[in-house]
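**Q** Quick one: this structure, given as structure tokens, is what I'll be asking you about.
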């Protein structure tokens, strides 16, 4: 039995997530179900895609990743499953699965047209319960992806905005603000490592932050840049929220400067 | 081993829920425990009852549903278990179990007077830990309901407020606002289907919303009415919060109008 | 297989907690993982220590308790495991484990220096994923504590502030505010019981609260003192938030008075 992960914008105050787990418990008893997060901002498909991209690599092979950020529920958007070399992805075909799936070798894409794997009489408003949970339970129990519906050639893909080389340096942006107010940029740390013989700083909101190894290396009251756990450059404050200090949010521009180091 | 569900107003910032799960893990090792929600507003017994009503049908047979919204903890209110044809319900006898249990065929009601199934020296403030979790663990492990205490004939029942026929149409009210700001009314969709040859609109806060099949059918900036996943008519906005647009909350009045359709 | 508990300040909006569970599912398949709480205020080590102190006694023997409130991550602070007579504790050596571990008989302390039990190439910002989750999985799977690194003699200890005897009575303070606005003091209920032949009141913010058995014994609009589920005196309001009524927070002073009772 594979494990199932859940990524949604349902929050935890309503019983939506519990109901999905009930459906899974009924159809795949004993299956381990793990919440990635249910705190995706309502209908923010990109935020859901980024969370799943970040989380998926840390789950066991053959994990079934369900993501439901689904403003188009009940409309013409497809419901799909994607099989990759490492895992299975289930959700609406609106891009929410795309970053995580595309980071692995995609093998099969299927539109979830075989309604015998869904709950009877599905609603037009809660496919998490009526379609995605029962399909995930079927996959976790060993049903092959092919059985779930008709093959597809493609799926809707999102892309993380790419940094742009400008006169002043590389212009990037904030793609995620975490609970601590740390600001993840779209500047990959690997890119930086290639430039490691130069001193790197990031300018954001008129302030400058230099590279440090860990949060504790940031002087109090100042900002620093770390290579974060996700492989991106991140702007952080010492024991404080960089987001609050800078009034920064997703989309805030940053500029990366490189200066030759001495020697 | 049955699964256990938990519905409380404990929130997730305090360790209350984790402690209940510790007690269950000690007494029913390997039992699957599923959170319905812990985000019931503090001491809002009706909200807890509605969440459990909504969720319970989706869990496996013989599930043990624990609900703890319990302003009377430590006082004279009874602690009870209710056995129905499909499931078991455990909690205070203040109505929090009543909507979900009454929706199934009730077989047995027991006051939880057999203290050997409780933790020793129970507190007067946390029966979730001291009474309901260990009793749920006993039930999930196969202890018969009868063993838990003395039989009762009745339990405290809540009722969902019924719509009223008025001069202008059927007058109902909002019974739940979900994370997305969608407004669940007390108007059942089945009731509407019986009237399906007429065009239906709902008036709320001076605005009119017409029936749509799914959220995507609502024009931007407007409101629509869907038959929601729970079987009720729900007022929603397109990619926005109807609750914010209308400043609506639980208890806000709505009026359903029926007009004969052409042909 | 032991169960694993998690106590962090990660919140539930980011995928941090889900990722830790992915690592555990990979390395200790089938292990039961229970959230104590992820709602510890960011970087509030004492709040994390108190939550774990409160929760740990209710978990099965040999539970592996992971606590990650870790402002010093990536810096010189040690990562440790502590074995006690009843359980295992894993986290940064900054005191977050100390209250719960010291409440049991400590047997062994180990610095987590054996990197073969960590993820390869650990980040400097997320040891929950890279160090503590895989170490917990190893412990839950039966790896002896000794194998994880080098023995230590001590660990960083926090202490709950002790009440002080003053002219007006015993001066204590609020150590926790729960979701309901109930105020846990640092005055132990056992201490009170020793003084049980005297009438006890607590003064806070100019108001006086008398002892009651349960919340329901508090007259509406007033305050009362209960012996709470954690063994401390707690100031509560009837069906309302004492914290809001008193504008009280952690650290707010309280004074306990004892008057001889009649007879």
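Any read-out appearing in this document is the output of simple, stated calculations on the displayed coordinates, not a laboratory observation. The shown structure was predicted, so the numbers you read here are calculated from the model rather than taken from an experiment. Virtual Cβ from ideal backbone geometry, glycine too; neighbours counted across all protein chains shown.
**Q** With a cut-off of 8 Å between alpha carbons and a minimum separation of six or more residues, what is the relative contact order of the range A:76-147 in percent?
**A** 30
**Q** For chain B, give me the percentage of DSSP beta bridges that are antiparallel, rounded to the nearest 5 percent.
**A** 75
**Q** Sorting C:184, A:208 on the 10 Å Cβ count, fewest up front, what's the list?
**A** A:208, C:184
**Q** Using the 10 angstrom Cβ neighbour count as an exposure proxy, how do A:255, A:185, B:150 rank, fewest first?
**A** B:150, A:255, A:185
**Q** If R0 is 51 Å, what FRET efficiency do you get for residue B:199 and residue A:190 from their C-beta distance, rounded to 0.05?
**A** The formula returns an efficiency of 0.30 here.
**Q** Please check: in the Gaussian network model of chain A (C-alpha springs, under 10 Å), which one of A:81, A:105, A:47 has the largest mean-square fluctuation.
**A** Ranking A:81, A:105, A:47 by mean-square fluctuation puts A:105 first.
**Q** Counting alpha carbon pairs within less than 8 Å and at least 6 residues apart, what relative contact order, in whole percent, applies to chain C?
**A** 15
**Q** Please give the helix A:16-27 orientation as an angle from the longest Cα principal axis of chain A, in degrees from 0 to 90, rounded to the nearest 10.
**A** 50
**Q** Mind listing the label-point distances from residue B:41 to the same position on all other copies, shortest first, one decimal in nm, points 7 Å along Cα→Cβ?
**A** 2.5, 2.5
**Q** Out of all DSSP beta bridges in the protein assembly as shown, what portion is antiparallel? Express it as a percent rounded to 5.
**A** Here the antiparallel bridges make up roughly 75 percent for the protein assembly as shown.
**Q** Run the numbers for residue A:217 and residue A:257: contour at 0.36 nm per residue of separation, minus the present Cα-Cα distance, in nm.
**A** That pair, residue A:217 and residue A:257, stretches by 12.4 nm at full extension.
**Q** Pull out a ≥ b ≥ c, the square roots of the eigenvalues of the alpha-carbon gyration tensor of the range A:71-155, then state rounded if a/c is under 1.5, prolate if not and a/b is larger than b/c, and oblate in the remaining case.
**A** Judged from the Cα gyration tensor, the range A:71-155 comes out oblate (a/c at least 1.5, b/c at or above a/b).
**Q** Something else about it: Go ahead and set up a Gaussian network model of chain C, Cα springs under 10 Å, then flag whichever of C:133, C:56, C:242 fluctuates most.
**A** C:242
**Q** Mind pulling the angle between the C-alpha long axis of helix C:45-55 and the longest principal axis of chain C? Nearest 10 degrees, somewhere in 0 to 90.
**A** 80
**Q** In addition: Identify, for chain B, the residue whose C-beta comes nearest the rotation axis onto chain C, and round that distance to whole Å.
**A** B:12, 4
**Q** Would you mind getting me the FRET efficiency between residue A:249 and residue C:121? Use the beta-carbon distance for r and R0 = 30 Å, nearest 0.05.
**A** Here the calculated transfer efficiency is 0.45.
**Q** Can you sort C:38, C:127 so the residue with the fewest Cβ neighbours within 10 Å comes first?
**A** Final ranking by Cβ density, sparse to dense: C:38, C:127.
**Q** What FRET efficiency, computed as 1/(1 + (r/R0)^6) with R0 = 45 Å and r the Cβ-Cβ distance, is obtained for residue B:77 and residue B:141, rounded to the nearest 0.05?
**A** 0.95
**Q** A further question on this structure: Please figure out what share of the DSSP beta bridges in the range A:51-117 is antiparallel and state it in percent, rounded to the nearest 5.
**A** 75
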